[in-house]
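Peer 1: Dropping a structure here in structure tokens format, bear with me for questions.
No value in this document is a laboratory result; all are computed from the given coordinates. It should be emphasised that the depicted structure is a prediction, and the values quoted were computed from it without experimental measurement. Neighbour counts run over all protein chains shown; Cβ positions are idealised from the backbone, glycine included.
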Amino acid sequence: MFASLTTICCMFTDKYYPDRIAAESLDTYLEKGWYRMGQSIFTTHFLSFDRRFYSAIWIRLPLHNYAFSKRLRKLIRRNEALFRCEYGPMRLDEEKEALYQEYRSTFPGVLSYTLKEALLDEEETNVYSTCEVRLYQGDKLVAFSFFDIGQNSAASIQGVYSSEYRGYSLGFYTMLLEIKWCINQGMQYYYPGYVVPGYERFEYKKRIGPVEYYDLHSDGWLPLPQLKAENIPLPKMQGRLQILESAWKQMQIPCRFLHYPFFEANLFSFFSAPYLDYPVLLWCYPQEGAKTFLIAVFNVREDAWQLLKCATYEDMFLSMNAAYAASFDKNLFFLELASVDAVLCTTNDAAELGEVARAYANQGLPGTERGA
């Protein structure tokens, strides 16, 4: 089964559990900025690390006429002389699990407890077509990686290597071997995931070559050097909302700029709902204490402000994250799980948006009475 393109294109954060992923379907998902998570497939365009928010910029490497740079060829030649490479279908076994546990013990972040959990969500079957690269020194497994195969593209999923060989860039080297395999198979694109401006952990992915990035506004791919700092989605949202806030205060429309830590609810909730998935917003009416309310956002897909009618949403997701919510300053963060009931206005005119907000405020919104 395959989610519709309408669903794929309309969300900033979403997740889907397919019964299977056909090769051509995986190509389409990857082309729209989606990626594998266990046995699901997901997209997000915003991330949170250590309570700070960032933009996720999905990238891909076009393989037509691609050639490894001189620096990459040097790395490949060095490691080819030291390690034996084998390719094959993905296979989970005790040898790989032991190396994964060693890798996990030194990884500077959170990883799944086992490979089976990371790749299969503890299920027995794989809904993807997945290949692996294995590296050996003699008979010793020193690194491996997994990558999913579509009809014309492939996505790098997981790389694992022994800490004894940290100086050989084996995690990056297995990516190069995946690219080499894809070229030999006539693939058109290689997807290594996302990079995160302002967060260096993912910068190594840019080293593979002249990558493109997925542009939300055009719904297409552009050369990464064309992404200007002012057009990175989150900073652009923040800047345009600050402009709106200033304009509305001159119009005497009460509003507050807030961050929203539950923008990833679509990934982790137990329910399917139109959750608000903007990491920043402008709260405008009423100021507090209501279950139905108006907020303004800047939609980078539309390149315009939008006025949204929203409501608080009861969900186990929020209950399970109550301690997380309590760690934020309620003066700076909106800490209610929210769903979007309607888009009331889309415009680049701050005054027009303000008048629509004022009109709805004067009408009164159902459920805006305190405690309603």
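Peer 1: So, R0 is 41 Å and r is the distance between the beta-carbons of residue 330 and residue 229; what FRET efficiency does that work out to, to 0.05?
Peer 2: After rounding to 0.05, the efficiency reads 0.85.
Peer 1: I've got another one for you. List, in order, the whole-Hz ³J(HN,Hα) value for each residue of the stretch 347-362 obtained from phi through the Karplus relation with A = 6.51, B = -1.76, C = 1.60 and θ = phi - 60°; use x for Gly and Pro.
Peer 2: Per residue, the Karplus-derived 3J(HN,Hα) values read 6, 9, 9, 4, 5, 4, 4, x, 5, 5, 4, 5, 4, 5, 5, 5 Hz.
Peer 1: Of the options 285, 267, 250, report the single residue whose Cα projects farthest towards the positive end of the charge dipole of the stretch 233-363 (beta-carbon charges: Lys, Arg +1; Asp, Glu -1).
Peer 2: Value computed over the given set: 250.
Peer 1: Collect residues whose amide H, placed 1.01 Å from N in the peptide plane, falls under 5 Å from the amide H of residue 129; neighbours closer than 5 in sequence don't count.
Peer 2: 149
Peer 1: Given charges of +1 on the Cβ of Lys and Arg and -1 on the Cβ of Asp and Glu, with all other atoms neutral, how large is the dipole of the stretch 61-227 about its Cα centre, in debye to the nearest 20? Walk me through the numbers on the way to the answer.
Peer 2: Details: 19 positive and 22 negative charges, 241 e Å.
For this selection, approximately 1160 debye.
Peer 1: Which pairs break 28 Å Cα to Cα here: 96/180; 15/180; 15/206?
Peer 2: Correct reply: 15/180.
Peer 1: Considering amide H positions built from the backbone, and no H for Pro or chain starts, which residues 5 or more places from residue 280, or on another chain, come under 5 Å of its amide H?
Peer 2: Amide H neighbours of residue 280: 260.
Peer 1: Rounded to the nearest 0.05, what FRET efficiency is calculated for residue 249 and residue 73 with R0 set to 56 Å and r the Cβ-Cβ distance?
Peer 2: Using R0 = 56 Å, I get an efficiency of 0.45.
Peer 1: Diagonalise the Cα gyration tensor of the stretch 244-359 and give the resulting equivalent ellipsoid semi-axes, square root of 5 times each eigenvalue, largest first, whole Å.
Peer 2: 25, 15, 12
Peer 1: Select from 98, 59, 119 the residue farthest towards the positive end of the dipole of the chain; place +1 on Cβ of Lys and Arg, -1 on Cβ of Asp and Glu, and compute about the Cα centre.
Peer 2: So the residue we want is 59.
Peer 1: Of all the Cα-Cα pairs you can form in the chain, what percent are over 34 Å apart?
Peer 2: Pairs farther apart than 34 Å: 34 percent.
Peer 1: For the chain, what is the calculated [θ] at 222 nm in deg cm²/dmol (nearest 500), taking -39500 (n - 2.57) for each run of four or more DSSP H residues and dividing by its residue count?
Peer 2: Numbers: 11 runs with 108 residues, N = 372.
Result for the chain: -8500 deg cm²/dmol, rounded to the nearest 500.
Peer 1: To continue, here is another question. Tally the DSSP beta bridges in the chain and give the antiparallel ones as a percent, rounded to 5.
Peer 2: Among the beta bridges of the chain, antiparallel pairing accounts for roughly 95 percent.
Peer 1: Still on this structure: Once phi is turned into ³J(HN,Hα) by the Karplus curve 6.51 cos²θ - 1.76 cosθ + 1.60 with θ = phi - 60°, what whole-Hz value does each residue of the stretch 197-211 show in order, with x for glycine and proline?
Peer 2: x, x, 9, 6, 4, 9, 5, 4, 5, 5, 6, 6, x, x, 7
Peer 1: Now for a separate question. Can you compute 3J(HN,Hα) from phi for each residue in the stretch 14-19, using the Karplus curve 6.51 cos²θ - 1.76 cosθ + 1.60 with θ = phi - 60°, rounded to whole Hz and x for Gly and Pro?
Peer 2: 7, 8, 9, 10, x, 6
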